[in-house]
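Below: the structure, in structure tokens.
The values are calculated or read from the model by the stated rules, or taken from the named source; none is laboratory data. Source: prediction; values computed, not measured. Because the Cβ atoms are built from the backbone with ideal geometry, glycine has one as well, and the counts that use them run over all protein chains shown.
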Amino acid sequence: MFLEQITTLDGKSLINWEDLKFWPYFQSMALALVPSWFNHIQTHSLLPKSHFLPPELQTSSAHNFKGIVVTHPSFDNNIKGWTVFWVDRFNSPFFGKIVKKDIIKKKIYIQHFLLSRQNNSTFIDPCRGCVLNNH
């Protein structure tokens, strides 16, 4: 285990055990009490009377999905909700709405949406065509 795995997304503080124990990895441990290794990290790695790490132990902000369980849309139902998908070619996430599930081909067709901002408001609009059309 690495310290980065139990720190906040900004890398500046330790996540408290009450939150960590619900993460899938820790749920399998079925621990009622705070484990001794976690107490050791708290005692020896944090600034006094805080959950903050000293600058030399802080990591850069996370740009991944640390702490999030990634799931895939199910073919077992006809729910056509929203999804976020990663495109390696562009090294970026994209947003979309599921428009069709093809159970035979095991494909999900998604309408790509774009985020835009106007006057301190964020809007999600259907894409009218972009580099993803042929991706």
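At-a-glance table
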read-out: Tally, over the stretch 44-57, of residues that are of a type in the set (Ser, Thr, Tyr) and modelled with pLDDT of 90 or more; value: 1
read-out: Subset tally (residues that are loosely packed, with under 10 Cβ neighbours inside 10 Å and modelled with pLDDT under 80) for the stretch 79-91; value: 3
read-out: Of all residues making up the stretch 95-135, the number that are touching a helix residue (DSSP H, G or I) at 6+ places or on another chain (Cβ under 9 Å), at pLDDT below 85 and either within 26 Å of Ser74 (Cβ to Cβ) or in a strand (DSSP E or B) (or both); value: 2
